[in-house]
1. Scanning for something exposed (fewer than 14 other Cβ atoms within 10 Å of the Cβ), modelled with pLDDT of 50 or more and not in a helix (DSSP H, G or I), does segment 138-147 turn up at least one residue?
2. Filter segment 47-58 down to the residues that are closer than 16 Å to residue 15 by Cβ and modelled with pLDDT of 70 or more and list them by number.
3. Is there any pair linking a residue in segment 1-21 that is on the phi < 0 side of the Ramachandran plot to one that is of a type in the set (Phe, Trp, Tyr) and buried (at least 24 other Cβ atoms within 10 Å of the Cβ), with Cβ under 6 Å and at least six apart or on different chains, and which?
4. From the list 133, 108, which one is touching a helix residue (DSSP H, G or I) at 6+ places or on another chain (Cβ under 9 Å) and not hydroxyl-bearing (Ser, Thr, Tyr)?
5. Answer with yes or no whether residue 65 is closer than 24 Å to residue 134 by Cβ, out of contact with any Gly (no Cβ under 9 Å at 6 or more places or on another chain), surrounded by fewer than 16 Cβ atoms within 10 Å (Cβ to Cβ) and at pLDDT 80 or above.
6. Considering only residues that are free of Cβ contacts under 8 Å to residues at least 24 places away in the same chain and either touching a helix residue (DSSP H, G or I) at 6+ places or on another chain (Cβ under 8 Å) or surrounded by 11 or more Cβ atoms within 10 Å (Cβ to Cβ) (or both), which ones fall in segment 119-130?
7. Can you confirm whether residue 111 is touching a Cys at 6+ places or on another chain (Cβ under 8 Å), of a type in the set (S, T, N, Q) and in contact (Cβ under 8 Å) with a residue 24 or more places away in the chain?
Amino acid sequence: MITDVAQTLVGADDLVLLLSDTPGSTIYRVFASRTLPGCTPMIPLGEARQPEAGRMLQAALHSQGPLFLEDARQSPLINSEMATRFRLGSVFLVPLPGEGGLLGAIAARWTESRSAVDPVVVRALTLLARQSAHTLVRLRASEDRMGLWPLSDLPEHAAAHRGFTG
């Protein structure tokens, strides 16, 4: 649901919900994604984010707010080889703050550069991210108490058993 709403708001070619394996971890996996027809996902469902993406995530963690790169190929936060390989035009990242660090992020990619993201969309996506982070923290806490699979394992293990596809 998070990726459906976020994709509708930003209209990106590719949008992913990244979640940390454990709160405060630096390893993030794609928990859900939405990709427009004809566009290849940057990171497939269930896979860990590319190591080169760490600088952008760290910048978002530092700022605690949304981060937009008009031209990812020219940004020091993105490896230029990665930008070319994954056809990164513009990139928009909204962190999901959690207890003990960054819980994850909503990341959008356009294959062509764009000049900006509408400020109304930024505010709406920021609100969605904060509410989603709050809900995910509560879900993780209830999983711990009930002995369920961790959220980060859902795409690769539990999804197949529960009929989810991401």
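1. The answer is yes; a qualifying residue exists.
2. Across segment 47-58, the qualifying residue is only 47.
3. Pairs that qualify, where the first residue is on the phi < 0 side of the Ramachandran plot and the partner is of a type in the set (Phe, Trp, Tyr) and buried (at least 24 other Cβ atoms within 10 Å of the Cβ), are 18/28; 20/28.
4. 108
5. Against the criterion (closer than 24 Å to residue 134 by Cβ, out of contact with any Gly (no Cβ under 9 Å at 6 or more places or on another chain), surrounded by fewer than 16 Cβ atoms within 10 Å (Cβ to Cβ) and at pLDDT 80 or above), residue 65 qualifies.
6. Once the filter is applied, which keeps residues that are free of Cβ contacts under 8 Å to residues at least 24 places away in the same chain and either touching a helix residue (DSSP H, G or I) at 6+ places or on another chain (Cβ under 8 Å) or surrounded by 11 or more Cβ atoms within 10 Å (Cβ to Cβ) (or both), segment 119-130 yields 123, 127.
7. yes
Let's see how each residue does on (1) among the charged types (D, E, K, R); (2) part of a loop (DSSP other than H, G, I, E, B); (3) at pLDDT below 90; (4) within 15 Å of residue 66 (Cα to Cα):
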site: 87; (1), (2), (3), (4): yes, yes, yes, no
site: 94; (1), (2), (3), (4): no, no, no, yes
site: 102; (1), (2), (3), (4): no, no, yes, yes
site: 109; (1), (2), (3), (4): yes, no, no, yes
site: 121; (1), (2), (3), (4): no, no, no, yes
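The values are calculated or read from the model by the stated rules, or taken from the named source; none is laboratory data. Just so we're clear, the structure is a prediction, and the values are computed from it rather than from any experiment. Methodologically, a virtual Cβ is constructed for each residue, glycine included, from the backbone with ideal geometry; neighbour enumeration extends over all protein chains shown.
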